[in-house]
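A.B. asks: Below is one structure. I have some questions about it.
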Amino acid sequence: MTVAIRALSFDLDDTLWNIWPCIERAEAKLHDWLLAGYPRIAAQFDALALRRLCSDEATRDPAIAHDRSLIRRRGLTRAAELAGYAEFALDEAFEVFFAARNQVEFFADALPVLERLAARYPVVALSNGNADLDRIGIAHLFAFHLSAAIVGTQKPHPAMFEQAVARLGLPPAAILHVGDDPEHDVEGARAAGLRAVWVRRDGRDWPHGLAPPEFVIHDLHELEALLATWPG
């Protein structure tokens, strides 16, 4: 803790909110929309089967595996083809899903702490997902947002962290990354020279074979406490 922290980077999904309830609601709304407008798709694929079809697109074309939105759109296009629809309102279908995907429910500690920290530090978002901060209503709290789709590769690849360091214009060790995923967030950040905090909300064990995390917190109130004791 010898270098003062001068900026914070945050993962989004499962760090500031629980993503899977959002995804499941979005998939259910999309399926209802398909049932009304494209019933053959809805009959052939339930919500889970559509999710699997989308995931298969990343396997079919690994070059798009980092882009969650493109994977979803490709999967929906494939579903329409398999169901025999020559025409399909892809943009409208994706919008039904995407609007619901961004109706997040923050963890109780997340938004109040984030607002306080954003008043003290430059705060950036680094996410493998496709959250839309404008739709969610928190874009004003972040200096910028880098996603895997923007960068072209996912964490733990160093590219996202390196771009954040370059845009912030700070030494890597002066940036503290906060995230829930041991490999993507903690290992990725450490490998790029950033300090890292593991957000352990679900009580899971640290994966065997990875070097133990330097800092472990259970909510963002503990992050505030950690920063309050940081020199400088």
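The values are calculated or read from the model by the stated rules, or taken from the named source; none is laboratory data. Nothing here was measured: the structure is a model prediction, and the numbers come from that model. Please note: Cβ atoms are built from the backbone with ideal geometry, for glycine as well, and neighbour counts cover all protein chains shown. Surface accessibility is based on the protein's heavy atoms, side chains included, excluding ligands, DNA and RNA. Shrake-Rupley method; radii C 1.70, N 1.55, O 1.52, S 1.80 Å.
A.B. asks: Could you tell me how far the Cα centroid of the stretch 150-213 sits from the Cα centroid of the stretch 1-50, in Å?
C.D. replies: Measuring centre to centre over Cα atoms gives 22 Å.
A.B. asks: Sticking with this one: Which order do Lys29, Lys155 take by accessible area at a 1.4 Å probe, largest first?
C.D. replies: Final ranking, largest accessible area leading: Lys29, Lys155.
A.B. asks: For the residue pair Ala89 and Arg116, what label-to-label distance in nm results when each label sits 7 Å from Cα along the Cα-to-beta-carbon direction?
C.D. replies: Distance between the two pseudo-spin positions: 4.6 nm.
A.B. asks: Between His177 and residues 5 or more places away or on another chain, which pairs have amide H atoms under 5 Å apart, with H built 1.01 Å from N, and which residues are they?
C.D. replies: Those lying under 5 Å, H to H, from His177 are Ser9, Arg195, Ala196, Val197.
A.B. asks: Keeping all protein chains in place and using 1.4 angstrom, which order do Arg6, Arg190 fall into by accessible surface area, from largest down?
C.D. replies: Per-residue accessible area, sorted high to low, gives Arg6, Arg190.
A.B. asks: Next question. Tell me which DSSP H helices of the chain clear both cut-offs, 18 Å or more of axial length from alpha-carbon atoms and a mean Kyte-Doolittle hydropathy of at least 0.0.
C.D. replies: 19-37
A.B. asks: Rounded to the nearest 500, what is the 222 nm mean residue ellipticity of the chain from helices alone, with -39500 (n - 2.57) per DSSP H run of 4+ residues and division by all residues?
C.D. replies: For the chain, the value works out to -13000 deg cm²/dmol.
A.B. asks: For the chain, what is the percent of antiparallel DSSP beta bridges, rounded to the nearest 5?
C.D. replies: 5
A.B. asks: Which GluC sites (Glu not before Pro) from the stretch 120-229 combine a DSSP loop assignment with at most 13 other Cβ atoms within 10 Å?
C.D. replies: Of the GluC sites (Glu not before Pro), the ones in loops of the stretch 120-229 whose Cβ has at most 13 other Cβ atoms within 10 Å are Glu214.
A.B. asks: Sticking with this one: Residue by residue through the stretch 204-213, which ³J(HN,Hα) values in whole Hz follow from phi under the Karplus form 6.51 cos²θ - 1.76 cosθ + 1.60 (θ = phi - 60°), with glycine and proline marked x?
C.D. replies: 3J(HN,Hα) across the stretch 204-213, in whole Hz: 5, 7, 5, x, 5, x, 9, 4, x, x.
A.B. asks: Could you tell me the extents of the chain's C-alpha atoms along the three principal axes, largest first, rounded to whole Å?
C.D. replies: 63, 33, 32 Å, listed from the longest principal axis down.
A.B. asks: Okay, moving on. Report the net charge of residues surrounding Arg6, where surrounding means a beta-carbon distance below 15 angstrom and charges are Lys +1, Arg +1, Asp -1, Glu -1.
C.D. replies: It works out to a net charge of +3.
A.B. asks: Oh, and also: Report the local net charge at Leu223: Lys and Arg +1, Asp and Glu -1, summed over other residues whose C-beta lies under 11 Å from its C-beta.
C.D. replies: Counting the neighbours of Leu223, the net charge comes to -3.
A.B. asks: Hey, can you grab everything whose amide H is under 5 Å from the amide H of Phe107? Only 5+ residues off in sequence or another chain; H modelled, so Pro and N-termini drop out.
C.D. replies: Amide H to amide H, under 5 Å and 5 or more residues apart or across chains, Phe107 pairs with Trp17, Asn18.
A.B. asks: For the stretch 107-232, what is the relative contact order in percent, using Cα pairs closer than 8 Å and at least 6 residues apart in sequence?
C.D. replies: 19
A.B. asks: Any chance you could look up the accessible area of Leu35 with a 1.4 Å probe, heavy atoms only, rounded to 10 Å²?
C.D. replies: The accessible area comes out at roughly 100 Å².
A.B. asks: Between beta-carbons, use under 12 Å as the cut-off and find the net charge around Leu126, counting Lys and Arg +1, Asp and Glu -1.
C.D. replies: Around Leu126, the charge tally is -3.
A.B. asks: Which of rounded, prolate or oblate describes the stretch 191-232 when judged by the alpha-carbon gyration tensor and an a/c cut-off of 1.5?
C.D. replies: oblate
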